[in-house]
Each structure stands twice: as C-alpha cells, then as structure tokens.
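Asks: One structure follows; several queries about it will come next.
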Amino acid sequence: MDVQMKRGVLDGLVLAILKQGDTYGYELTEQVSRRLDIAEMTLYPILRRLEAQGFLTTYSEACSGRLRKYYHLTPAGQAHLCAVAVELADLRSIIDSIIEGAERL
Amino acid sequence: MSHLEQFLANLKAGLTDLPSEVAADVLRYHSDYIADALSAGLEPEQILRRLGSPEQILAATRDELAIEDALRKVGPLGLLRTSRRLIGRGLSRAARSVALALLSLAPLLAAVCFYLSAAVLLLGGLASGAAVLYNLALHRAVLAGIEIAGQVGLAVFLTAACLGLAWLFWLSGQGFARATLLLLRKIANKQPPTGLRTTAAPAGHKPVRRYLTVALAVFLLAGFTLSALADLPQTYWRLWNSQKPADVRLETVMLDEPVDRLSLVLLNTDVTLRPSDGPQGRLIYEKLSYVDLVWRLTDGVLTLEEQSNGRLPFFHWLSIHRGTTSLILDVPLAAAGSDLDIRTISGFVEVDLPCRQATIRTSSGDITVRRADLTDNLDLVSDSGRITVVPVTAGGS
C-alpha cells in the first residue's frame, strides 16, 4: 500500500484499537500488524504525534520488574476517530464504485 | 554485543541532535518494544526485521516531529524551521542548497530590518527623552514642582519605552540572524537539514540581561505613573476651566516708588511695558477668577508672579491655565533706564521703554523691544514667535 495512504489509515487504526482498551507499544504493534502490513516500520512517530495532538495520553504501570508505558484514548481522540470513520465511509463508497467499474471491464 | 544491543546503540548515536527529552523517549519506546517482544518469544532477527533499520526510525521520527512542531509552533520562526526541514526531504542536494540559499534571504532581510529599527528606536528614545528635558529646562522658571516631576516622568517613560522596544527589535533581529546562520551553515556543510535543533537554549540566562530588563520595566512603570499622575489633575483642571466662562476683572494698582528693575513670572499673559507720564507708576491687570497676581515693590525692584489661587486645594499650579490675559505696566523710570527679567509661557511681550538689560523668554508669543539702549545686553528667546528690536536711535522721540 502507498505510504501516504498507509499513514492516513494508521492513525484511525491505532485510535480504533485503543478504543477497545489501553495497551502498550508492542501489543499495539502486534494488533495493528494483524490488520495491516507494517513490516519494517515503527509505530513510535505516529504514537508520539497523536499524543502531541491530544488524542492520546500515556501512563506507566509496573510489569514484570519494569515500568511499561500504556496508551490511553482521550475524548478528543474518540472524536477524531469518529471524524476519521466518517471520512473513510465516504471513501469506501468511492472505492466500491472504482472496484465495480474495474470488474465490469 | 548482540544484534539488539547494536541496534539500540546505533539508534542512540543517531539521536544526538534531537532534544534530550525526545531522544530518551525514542530509546525507551524501542527498548520496551524489544523487551516485550522477547518475552513474547520472538527471535532477535524477527524483532529487528519488524522494527526496521535505525535510519528508517530516525527519518520517520523526524518527519513526524516536523509535523508535530508545525502544529505546536505556528509563527514566523516555526514556519521557517518546518519548511526548511520539509524542503530538505525529497530534493536533490544541489536543489536543496539553492532552496536554502533563497530561503535564507528572507530571514537575512528581516534581521537587517529589525537591527535598523532597533538602532532608530534607541536613538529616538534617547533623543525624545533629551528633548523633553531640554524643554523642561527652558521653562523651569514657570513650572511648579509637580509639573517638573511630571515632565521628568514623561522623559523617563519615553526613553524607557523606546529602549524596551529597541531591545525587543534587537532580540527579533538576533532570532532572524540565527535562522540565517543556521541555513547558511547547512549549505556550507552540504549536510541534509537534520531534525530538531534546540535553538541556542537560553539555559544560563545571563543575570545582566535580567537586571537590565527589570530596570527597564521599573523605569517604564515609574515614568508612566509619574507623568500620568502629574498630568491627570492638569487635564481635569483644563477641562473644568474650559466649561465655565472666564470671570475677568480689571485691577489697577498705583506704584509710588521708582522702578529700576523688573522681574515678571507670568502664565499666558501678554505684557506691555511703557513709560509712565508722571512720577507714579501704574499696573493694569486683567485678573481671571482663578489666578492671583502676587506683586511687591521694594528698593526699586518690582516683582510680579502669577499664581493659581488654589481652586484646586492641594496644588499650587502655575502653568495650567488656558485663558490669555493682559498686563500693562506704566513704569516710572529711574534715570538710568531699567533691568528687565520677564518670563511668560506663551504671551506676547512688548517693551516700549529705555532698558539697559533685558532677559525675556516666551514659548510662542512675539517679543518687541523698542528703545533698547544697548542691544548687546538683550537676551530674548521666543520658541516660535518673532523677535523685533528697535534701537534707541531709530525708535527715537
């Protein structure tokens, strides 16, 4: 998939996963990569930007002898997720018509 | 050193030009990731493949930081820094150098303009303070203490305000100059523009600079307070006096002694001096209700002073009256002529009697001296009026 498109989708995907519950970097990456091919890519910059935009907050929790950083979705993040979902739904109808058109050829 | 340790070491080495807080965060995220992945049972090679190379991580982090930065710092410098960073990507090295060179012209121009403005403000501040003080020195004889304080306050305020502005402009110039230098250095080093650079962190804020700032602020506040406090009652007084019709009375005083020296300190009063017909002198004065004329004649010295008569109970104003009155003096002269010392704020002065020596000052009125005996001994100053001297031979009769 195109890098720009992947980036746009990634934001929404990360927010959607965090809506299910708070989680930490590795687990989040695992969940994302189950749905989207993000081989050779770190989620760090995206998480950092989403945090700077106020969509995420972080907190640390002790786990097997060290502190693990958890990510939590903020109300602003939820609102952004809704906005992204609406946009993607619009996009889906366009995509559907493209695919339909391609299949008819 | 294992591959994973090598990975973290490489990552750390590439983070040196990022702010330490960001660098620590990046390292922590990835070492956490590795620890979690290991405990999930992944092989080091698998982990490394998933993370990508340190270079990829650094590049992606810088890209996101540029966007984050742009979101946080909207302003000329933020815009510049972000565009500089974004231009650095996706352009060939030569094209990047040209773009940076063109880009560096804008901050260069801005820096020059700011420096020039700072210099103009610095000179202007000093000059305006000096001008106020000079004006004060010219009229100090007719000003009350509080008015002098107000003028000094105004001078201090003007100077401090201009110096403060000059300081701000100077700092802005410094900022733009720094941006220009950064851009030029990028071109010279032929380096791709790297990520965040903490711009000359003012970590050890110089104490001298802080004292200067505090002193400037104190002067600004003190000067403003002083001039405002001194000006407030004046404004009120002028307003009050302009609302009511001036109550003018004509006062006549007979002077029985001869006069050979005159010392007059007046407000906006026109003065006419003429020789008396007889041995007795006469003083005709248009008296406004809120002004008193204090006069005495001792040992041939006639002293006149116009003063506020205390309609404002706690001030002793001299120069705040608006209305113009007139004073006519018929002076009985000693044989040798007379010495004159006349100060009026803006009245006209007309002297029509022989005088040995005269010091006359007015701000805006005309000065006319007829029958001057010795023109060398005349000291006539009118800030904007006309000065006419008619020598004794020409004025005749």
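The values are calculated or read from the model by the stated rules, or taken from the named source; none is laboratory data. Computed from a prediction, not measured in an experiment: that's the story for all the values here. Because the Cβ atoms are built from the backbone with ideal geometry, glycine has one as well, and the counts that use them run over all protein chains shown.
Asks: Cβ-Cβ below 6 Å, separation at least six or inter-chain, first residue in the stretch A:39-58 and at the interface with chain B (Cβ under 10 Å from one of its Cβ atoms), second assigned to a loop (DSSP other than H, G, I, E, B) and not basic (Lys, Arg): which pairs?
Replies: A:40/B:52; A:41/B:52
Asks: From B:79, B:109, B:116, B:105, grab the single residue that is out of contact with any Phe, Trp or Tyr (no Cβ under 7 Å at 6 or more places or on another chain) and either acidic (Asp, Glu) or modelled with pLDDT under 70 (or both). Lay out the reasoning, then the answer.
Replies: Values: B:109 fails: either acidic (Asp, Glu) or modelled with pLDDT under 70 (or both); B:116 fails: either acidic (Asp, Glu) or modelled with pLDDT under 70 (or both); B:105 fails: either acidic (Asp, Glu) or modelled with pLDDT under 70 (or both).
Exactly one of B:79, B:109, B:116, B:105 is out of contact with any Phe, Trp or Tyr (no Cβ under 7 Å at 6 or more places or on another chain) and either acidic (Asp, Glu) or modelled with pLDDT under 70 (or both), namely B:79.
Asks: OK, next. What tally of residues in the stretch B:99-111 results from selecting those that are in contact (Cβ under 8 Å) with a residue 12 or more places away in the chain and closer than 18 Å to residue B:172 by Cα?
Replies: First pass over the stretch B:99-111, keeping only residues in contact (Cβ under 8 Å) with a residue 12 or more places away in the chain: B:99-101, B:103-104, B:106-108, B:110-111.
Remaining after also requiring closer than 18 Å to residue B:172 by Cα: B:103-104, B:106-108, B:110-111.
Looking only at that region, the number is 7.
Asks: Just checking, does the stretch A:42-63 include any residue being small (Gly, Ala, Ser) and touching a helix residue (DSSP H, G or I) at 6+ places or on another chain (Cβ under 6 Å)?
Replies: Step one: list which residues in the stretch A:42-63 are small (Gly, Ala, Ser), which gives A:52, A:54, A:60, A:62.
If we keep only those that are touching a helix residue (DSSP H, G or I) at 6+ places or on another chain (Cβ under 6 Å) as well, we get A:52, A:54.
The answer is yes; a qualifying residue exists.
Asks: So which residues in the stretch A:8-42 are surrounded by fewer than 17 Cβ atoms within 10 Å (Cβ to Cβ), of a type in the set (Gly, Ala, Ser) and on the phi < 0 side of the Ramachandran plot, if there are any at all?
Replies: Listed by number, the residues that qualify are A:8, A:12, A:16, A:33, A:39.
Asks: For residue B:138, only one of the following conditions fails: (1) surrounded by fewer than 22 Cβ atoms within 10 Å (Cβ to Cβ); (2) in contact (Cβ under 8 Å) with a residue 40 or more places away in the chain; (3) touching a helix residue (DSSP H, G or I) at 6+ places or on another chain (Cβ under 9 Å); (4) of a type in the set (A, V, I, L, M, F, W, C). What is its number?
Replies: For residue B:138, the exception is condition (3).
Asks: Between a first residue in the stretch B:281-308 that is at positive phi and a second residue that is acidic (Asp, Glu) and crowded, with 18+ Cβ neighbours inside 10 Å, which pairs have beta carbons less than 8 Å apart while being 6 or more apart in sequence or on different chains?
Replies: Listed by first residue and then by second, the contacts come to B:300/B:260.
Asks: Taking residue B:128 as meeting all but one of (1) touching a Lys or Arg at 6+ places or on another chain (Cβ under 8 Å); (2) at pLDDT 75 or above; (3) polar (S, T, N, Q), write down the number of the exception.
Replies: Condition (1) is where residue B:128 drops out.
Asks: For residue A:87, indicate whether it is in contact with a Ser or Thr (Cβ under 9 Å, 6 or more places away or on another chain) and not in a loop (DSSP other than H, G, I, E, B).
Replies: Numbers: in contact with a Ser or Thr (Cβ under 9 Å, 6 or more places away or on another chain): no; not in a loop (DSSP other than H, G, I, E, B): yes.
Spelling it out, it is not the case that residue A:87 is in contact with a Ser or Thr (Cβ under 9 Å, 6 or more places away or on another chain) and not in a loop (DSSP other than H, G, I, E, B).
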